[in-house]
Amino acid sequence: MPTLNMVQAINLALKEEMQRDKNVVLLGEDVGKDGGVFRVTEGLLEQFGSERVMDTPLAESVIAGAAIGMALYGLKPVAEIQFMGFIYPAIDQIFSHASRIRSRSRGRFTCPLVVRAPYGAGIKAPELHSESTEALFCHMPGIKVVVPSSPYSAKGLLISSIRDPDPVIFLESSRLYRSIKEDVPEGEYTIPLGKARVVQEGTDVTVIAWGSMLQRALKAVEGVNAEVIDLMTLSPFDEETILKSVKKTGRIIIAHEAVKTCGFGAELSATIAEDAMLHLKAPIMRVTGYDVVLPLPKLEDFYIPTAARIKKAIEEVMKY
Amino acid sequence: MPTLNMVQAINLALKEEMQRDKNVVLLGEDVGKDGGVFRVTEGLLEQFGSERVMDTPLAESVIAGAAIGMALYGLKPVAEIQFMGFIYPAIDQIFSHASRIRSRSRGRFTCPLVVRAPYGAGIKAPELHSESTEALFCHMPGIKVVVPSSPYSAKGLLISSIRDPDPVIFLESSRLYRSIKEDVPEGEYTIPLGKARVVQEGTDVTVIAWGSMLQRALKAVEGVNAEVIDLMTLSPFDEETILKSVKKTGRIIIAHEAVKTCGFGAELSATIAEDAMLHLKAPIMRVTGYDVVLPLPKLEDFYIPTAARIKKAIEEVMKY
Amino acid sequence: MPEKIIESYNVKRIEILDEKGNADESLMPSLSNEQIKKMYELLVHSRTFDQRALNLQREGRLGTYASILGQEASQIGSAFALEKSDWIFPSFREMGVYITMGYPLYMLFQYWSGDERGVKCPDDLNIFPVCVPVGTQIPHAIGAAMGVKYKKDKKAVVCYFGDGGTSEGDFHEGMNFAGVFKLPVVFICQNNHWAISVPLKKQTASKTLAQKAFAYGFEGIQIDGNDVFAVYKTVKEALEKAKKDNGPTFIECFTYRMSDHTTADDAIRYRSKEEVEAWKAKDPIQRLKLFMEKKGLWNANYQKDIEDKAKAAVDEAVRNEEAIEHPEPKDLFKFTYEKMTSRQIRQMKDF
Amino acid sequence: MPEKIIESYNVKRIEILDEKGNADESLMPSLSNEQIKKMYELLVHSRTFDQRALNLQREGRLGTYASILGQEASQIGSAFALEKSDWIFPSFREMGVYITMGYPLYMLFQYWSGDERGVKCPDDLNIFPVCVPVGTQIPHAIGAAMGVKYKKDKKAVVCYFGDGGTSEGDFHEGMNFAGVFKLPVVFICQNNHWAISVPLKKQTASKTLAQKAFAYGFEGIQIDGNDVFAVYKTVKEALEKAKKDNGPTFIECFTYRMSDHTTADDAIRYRSKEEVEAWKAKDPIQRLKLFMEKKGLWNANYQKDIEDKAKAAVDEAVRNEEAIEHPEPKDLFKFTYEKMTSRQIRQMKDF
Ligand SMILES: Cc1ncc(C[n+]2csc(CCOP(=O)(O)OP(=O)(O)O)c2C)c(N)n1
Ligand SMILES: Cc1ncc(C[n+]2csc(CCOP(=O)(O)OP(=O)(O)O)c2C)c(N)n1
Ligand SMILES: [Mg+2]
Ligand SMILES: [Mg+2]
């Protein structure tokens, strides 16, 4: 079984799905000849040709919008937005259309597409290359949001996303792209959307994380009898697994890279406060990015939540 | 003191601010000759001329973006987006620029602008005319979000918003526009941003609402010793008033028109679950729109939270 | 030659049928008498539908409605050139297109009464639902055309929008894609001279809308949009070009919105009666009638006959629509995703 | 006349200084020898800065950097025509513009080392910070120009962007506003033929970028962007036109990105060496040098002298930049709003 980093795992998922299904096509800025600015689509133009791996003009709204049209027409487009910070011009197409076409047409037309984008800070990139605004997309019914935390899960989740009958926003931590390796089987396997994974069982405290924060969460719980949950799909999210863990540990920490206010942690916390309040032994703590404009590289390490900050929150809730 | 509806109160605020400050200018689709599709800007073109009340081409991104440029140049633009559902093409300008220019330039350039938009369902309008996605904007540091619930507060809050040194999204419930009247003083008065209003004091339960939901919240609490809070500013929101009320009543209901998942109710609930958990006597309940694509008129009344649904939630928490 | 002209462009305008009903034979598309009559009937039919919709709205039996009055030739003429297998991306003011394609009338009323089921397109047609956010359907047409091209299908994609729509970013990005990928798409811009209260002159400083296509490296042409022959011929040729993989065409139909923007609008606030009057003389139905009369294809009996038929069809559609049961509140939940989420299932218990 | 031509457009191209250093006297802008030397010095200065930035990046002393190599004439020529009171909206590849306007060099290094303080524009200049999302600065230029017009100031607004930028919706919407409101704005499009790995041909099917302006009802013109005289002259005239309230101009500077897209890019992956070589012959600095040599304005001593000066200035800037203290973590919180929120104040206690 090959040991792959996340770039390679995602590349493999794309390649295998394109081999399996002729309707799977890729589009985006620099995804063809250049293989993507992170090389995620490297080699796919050569293998599948420019009809299936399309370098597009610089226009995010129509990248998303054209993906919608392709999906309507029966293709399975996987669109790349070069960085999550450049998804904002495409939000109108995603919010006004991708999410609503099934409902609008009472099922006559559907939108099985994937929009991939690297997200998150930590690679010393210029402004707007470090966004983690996944929560925005979770507020829009009709959209699914998936955030893998490792090469293995990236491959399995991406395959599921491509096969999903509804539009999926698939966010890849650019910080993780090449920093972790893992055994990733060749050939198809899927990880179901909407299900979280209990990475580590524990009894005293639950730490919920996704994407770029999972590694730090795991580091933070060293020496603690903690349960760690990798949420994987944010929308729709796995209430069951979370509530079960709340009932078990009674202490909840949610870690995310996004700013605190209205981050997805708020939804998780609110869900718990509504549905499992009586099982709580301590306040629900969120360890998040600060409520500030994302800084340029010189300050970015101070912005991203650290394992130490998660650890401190754990110590805090363990006082109860 | 004149009795005005919300359209008239907002019109008056605009007129008085334009009289006071020559730098205040309006722009948007149909805001001039037509006086806006809801007549909010009626008469202002005649009074202030087409240099200050600008009918623009049909292009939301540059309506927001031009407002940014005007603000940089020292004007105080008030841009109208015709319906909140059409703000999505402008989100890139708002998220990538309006919110970040002060930070990006370390204060050399700032963005004192207001984007007004009618929001919410209940007027039997076509698709995308009924959005209430205020939470999206609350997830973006650098932006303020204001949602008045009555003519009086609309005028005072809009004046504050125009004078604010930072960009403000100002959302007006189209359902309330002409459905409630109130005494609204002529001449200037302001209501500070960032402060909630305790509309009614009570001891048993707190209902937090804003904009279109306040009236229904007030109806729902009839016969209950309830505290009702009109949040008014969602970002930055008044944690103090809310936490104080939590400590007093220990039972919290949050009502909003937006879909439940990742609505602003999630942030309020999470804040309480983090900072005032020990004062809670019952789960924090959210009474919200359902997690569905907004329906066309025939089903919209089933979508919008009713006083009855809020009442039911109150009964629920009163069991604890 | 240090200051030189490196490219030149001309904007063409095509007119065939004038206001008096005279057609330029040299440009006349090949149409049988039956086809011409069929076109005329569709024009009358569409106007009958439109008037009824306005009446129903006034009576509170329909929601906000966007009238097509004055634009019938642009819509019927273009749709008449289409095949059922072509893909159509309308905006919100294309009832004449739906009707020409044979879309069930009662469903149109159903849609405008605020019921999603009205735009659940029948399986034998490919008309995308009414698109409310201006210009945003253009990228969808682009994507569908990319699909057509990828699958090498013998189909074209048609996209409708208004003069106001040309100001939106999506128009630009979509047109540019069409040029770069040489897509089998026909853009039909109904320049009805108004976007709610904003007249064309305030919408763009461009002398014509047709010339906007030059910015994307393909053909743009202006036609008299009240001239059903010019519309039919130009669209037909553009469709053939598309199907031969010879790329996109942009067609500006020069027409006029005779009615208010929608039933929620009051055009008297912002435009002069004289302007509207001047356009009445250019009515698209009247001039075809005059043409047909000269050719012996029209007489008063015929007119009465088709008006009766149109009225009967619309009456029946209204009856059918009003017999439909109100949608179930549970329907709120059923079409957001293929499978309802657990949260939705719980929420649905409210009903 | 049923099929008629209703509008015609020509795309002009201007060249003054050729690769051999010969200038077309009939078009030559009026520039004193001192001004020409000043321009040359700015070109050298900018290239010196650029090379140093690339070196520093390689040594890990600077973050991702976008080289201007090859585009110096477009940048220096245009900025040389500006006044300090004009407003400038750059994209991210306009270091030559900043340098020409007298922006402190060390601050440019500071910015590219990842420190916001580097784009806190000095009070006597109006250069908006580097704009990362492509094309999104265009609407800001529009708004500022609306401000200029409203206040009747004698200023112009200049907006820079690339060939790729013309594909974005914001370009279109902004250009359209400029035409409709007849704004005092000059659009300077550096067509460097690449947008990362996407060549111009895949970016748009339009034969020139200049002609895109016709879609908005104003003048578009192509110029040799490696010809500092053509750039200066054209921009100067456009600025005068703007200041006389005669509306906007779109200028396509036909140039080439000689370097990688940024230091994070590797252009060998997607373009041929031959293409790059062919453009080397068109170098903007070399041809001005030849011109000056012919005029007796250039010799080897002069060259050495200005190179030394440029190097010294850049050395000093690097020293100054590296002496600046690292920004405080607390700075994270200080510029989001005018006043910190209570939540931010609590969060700041982490530091
Ligand atoms: C993105 C967006 N902005 C605003 C509106 C509100 N609106 C509906 S129709 C319209 C004018 C459209 O003008 P045009 O494109 O010329 O089409 P017409 O109505 O004339 O058919 C406007 C501003 C909208 N539907 N979508
Ligand atoms: C909205 C947006 N999408 C994508 C990017 C990533 N990106 C940075 S520069 C660039 C190419 C820009 O090309 P062009 O406009 O020609 O400018 P050049 O780099 O050639 O100066 C891309 C795609 C971005 N910065 N902004
Ligand atoms: Mg129109
Ligand atoms: Mg370029």
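The values are calculated or read from the model by the stated rules, or taken from the named source; none is laboratory data. These figures come from a predicted structure and were not determined experimentally. FYI the Cβ positions are ideal-geometry reconstructions off the backbone, even for glycines, and counts take in every protein chain you see.
Checking segment A:192-209 against the condition returns no match, with no residue being of a type in the set (A, V, I, L, M, F, W, C), within 22 Å of A:Met1 (Cβ to Cβ), part of a loop (DSSP other than H, G, I, E, B) and in contact with a helix residue (DSSP H, G or I) (Cβ under 7 Å, 6 or more places away or on another chain). Restricting C:Ala213, C:Ala312, C:Ala242, C:Ala238 to those that are small (Gly, Ala, Ser) and surrounded by fewer than 24 Cβ atoms within 10 Å (Cβ to Cβ) reduces the list to C:Ala312.
Conditions (1) at the interface with chain D (Cβ under 7 Å from one of its Cβ atoms); (2) touching a residue at least 12 places away in the same chain (Cβ under 8 Å); (3) charged (D, E, K, R), marked per residue:
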residue: C:His193; (1), (2), (3): no, yes, no
residue: C:Ser197; (1), (2), (3): no, yes, no
residue: C:Ser206; (1), (2), (3): yes, no, no
residue: C:Leu209; (1), (2), (3): no, yes, no
residue: C:Thr234; (1), (2), (3): no, yes, no
residue: C:Ala238; (1), (2), (3): no, yes, no
residue: C:Lys241; (1), (2), (3): no, no, yes
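State whether one or more residues within segment D:117-128 are more than 16 Å from ligand 4 (Cβ to nearest atom) and over 28 Å from D:Pro327 (Cβ atoms). Within segment D:117-128, not a single residue is more than 16 Å from ligand 4 (Cβ to nearest atom) and over 28 Å from D:Pro327 (Cβ atoms).
Here A:Lys33, A:Lys15, A:Lys76 are screened, and the one residue that is more than 16 Å from ligand 3 (Cβ to nearest atom) and touching a residue at least 60 places away in the same chain (Cβ under 8 Å) is A:Lys76.
Count, please, the residues in segment A:146-170 that happen to be surrounded by fewer than 24 Cβ atoms within 10 Å (Cβ to Cβ) and within 14 Å of chain B (Cβ to nearest Cβ). Residues in segment A:146-170 being surrounded by fewer than 24 Cβ atoms within 10 Å (Cβ to Cβ) and within 14 Å of chain B (Cβ to nearest Cβ): 1 in total. Give me the residue from segment D:194-215 that is under 14 Å from D:His261 (Cβ atoms) and polar (S, T, N, Q) and, out of that set, nearest to ligand 4 (Cβ to nearest atom). Result: D:Gln203. Out of curiosity, is B:Ala135 more than 10 Å from chain D (Cβ to nearest Cβ), touching a helix residue (DSSP H, G or I) at 6+ places or on another chain (Cβ under 9 Å) and in a helix (DSSP H, G or I)? Against the criterion (more than 10 Å from chain D (Cβ to nearest Cβ), touching a helix residue (DSSP H, G or I) at 6+ places or on another chain (Cβ under 9 Å) and in a helix (DSSP H, G or I)), B:Ala135 qualifies.
Can you tell me which residue among A:Ser269, A:Ser212, A:Ser245, A:Ser235 is of a type in the set (Gly, Ala, Ser) and in contact with a Cys (Cβ under 7 Å, 6 or more places away or on another chain)?
A:Ser235
Can you name the helices (runs of 4 or more DSSP H) wholly within segment C:71-185 that have at least 1 residues being within 14 Å of chain D (Cβ to nearest Cβ) and surrounded by fewer than 24 Cβ atoms within 10 Å (Cβ to Cβ)?
C:169-181
Is it true that some residue in segment C:214-225 is within 11 Å of another protein chain (Cβ to nearest Cβ), within 25 Å of C:Leu288 (Cβ to Cβ) and within 16 Å of ligand 1 (Cβ to nearest atom)? Yes: one or more hits.
Taken together, the criteria exclude A:Lys181 from residues that are within 29 Å of B:Val292 (Cβ to Cβ) and in contact with a strand residue (DSSP E or B) (Cβ under 8 Å, 6 or more places away or on another chain). Applying the condition of being of a type in the set (S, T, N, Q) and not in a helix (DSSP H, G or I) to segment B:1-17 and asking which residue is nearest to B:Leu158 (Cα to Cα) yields B:Asn5. Mind checking whether some residue in segment A:108-116 is within 12 Å of chain B (Cβ to nearest Cβ), under 28 Å from B:Ala258 (Cβ atoms), in a strand (DSSP E or B) and touching an Asp or Glu at 6+ places or on another chain (Cβ under 9 Å)? No, segment A:108-116 has no match at all. Taken across segment D:166-179, residues that are within 16 Å of ligand 1 (Cβ to nearest atom) and polar (S, T, N, Q) do occur, with at least one present.
Looking across segment B:117-132 at every residue that is of a type in the set (A, V, I, L, M, F, W, C) and part of a loop (DSSP other than H, G, I, E, B), the one that is farthest from the other protein chains (Cβ to nearest Cβ) is identified as B:Ala121.
Scan segment D:224-275 for residues that are part of a loop (DSSP other than H, G, I, E, B) and among the acidic types (Asp, Glu) and the total you get is 5.
Residues in segment D:48-59 include none that are assigned to a loop (DSSP other than H, G, I, E, B) and in contact (Cβ under 8 Å) with a residue 24 or more places away in the chain.
Restricted to segment A:38-48, and to residues there that are in a helix (DSSP H, G or I) and farther than 23 Å from C:Ala145 by Cβ, the residue that is farthest from the other protein chains (Cβ to nearest Cβ) is A:Gln47. Please indicate, with yes or no, whether at least one residue in segment A:106-127 is within 16 Å of ligand 4 (Cβ to nearest atom) and of a type in the set (A, V, I, L, M). Checking segment A:106-127: not a single residue is within 16 Å of ligand 4 (Cβ to nearest atom) and of a type in the set (A, V, I, L, M). Helices (runs of 4 or more DSSP H) fully within segment A:229-320 that include at least 1 residues being out of contact with any Lys or Arg (no Cβ under 8 Å at 6 or more places or on another chain) and in contact (Cβ under 8 Å) with a residue 60 or more places away in the chain: A:264-275, A:297-303, A:307-318. Each residue in segment C:1-43 was checked for being out of contact with any strand residue (DSSP E or B) (no Cβ under 7 Å at 6 or more places or on another chain) and within 14 Å of chain D (Cβ to nearest Cβ), and 10 pass.
Pairing residues of segment B:39-58 that are in the same structural domain as B:Leu14 (by TED's automatic domain parsing) with residues that are in a loop (DSSP other than H, G, I, E, B) and β-branched (Val, Ile, Thr), at Cβ distances under 6 Å and at least 6 apart in sequence or on separate chains, gives B:Thr41/B:Val31; B:Leu58/C:Val134.
If you filter segment A:250-268 down to residues that are within 16 Å of B:Ile284 (Cα to Cα) and within 7 Å of another protein chain (Cβ to nearest Cβ), you find that the one that is nearest to the chain's Cα centre (by Cα) is A:Gly265. In a residue-by-residue description of segment A:107-120, the property of being closer than 23 Å to A:Leu296 by Cβ, in contact (Cβ under 8 Å) with a residue 24 or more places away in the chain and among the small types (Gly, Ala, Ser) applies to at least one position. Within the set B:Val205, B:Val224, B:Val184, B:Val168, the sole residue that is in contact (Cβ under 8 Å) with a residue 12 or more places away in the chain and within 17 Å of the chain's Cα centre (by Cα) turns out to be B:Val168.
Within the option set A:Ala117, A:Ala71, A:Ala79, A:Ala98, being more than 20 Å from C:Phe89 (Cα to Cα) and buried (at least 24 other Cβ atoms within 10 Å of the Cβ) holds for one residue only, A:Ala79.
To keep it simple, each residue is scored yes or no on (1) within 23 Å of the chain's Cα centre (by Cα); (2) more than 7 Å from every other protein chain (Cβ to nearest Cβ); (3) not in a loop (DSSP other than H, G, I, E, B).
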position: A:Gln19; (1), (2), (3): no, yes, yes
position: A:Gly36; (1), (2), (3): yes, yes, no
position: A:Ser50; (1), (2), (3): no, yes, no
position: A:Leu58; (1), (2), (3): no, no, no
position: A:Ala64; (1), (2), (3): yes, yes, yes
position: A:Leu72; (1), (2), (3): no, no, yes
position: A:Ile91; (1), (2), (3): yes, no, yes
position: A:Ile94; (1), (2), (3): yes, yes, yes
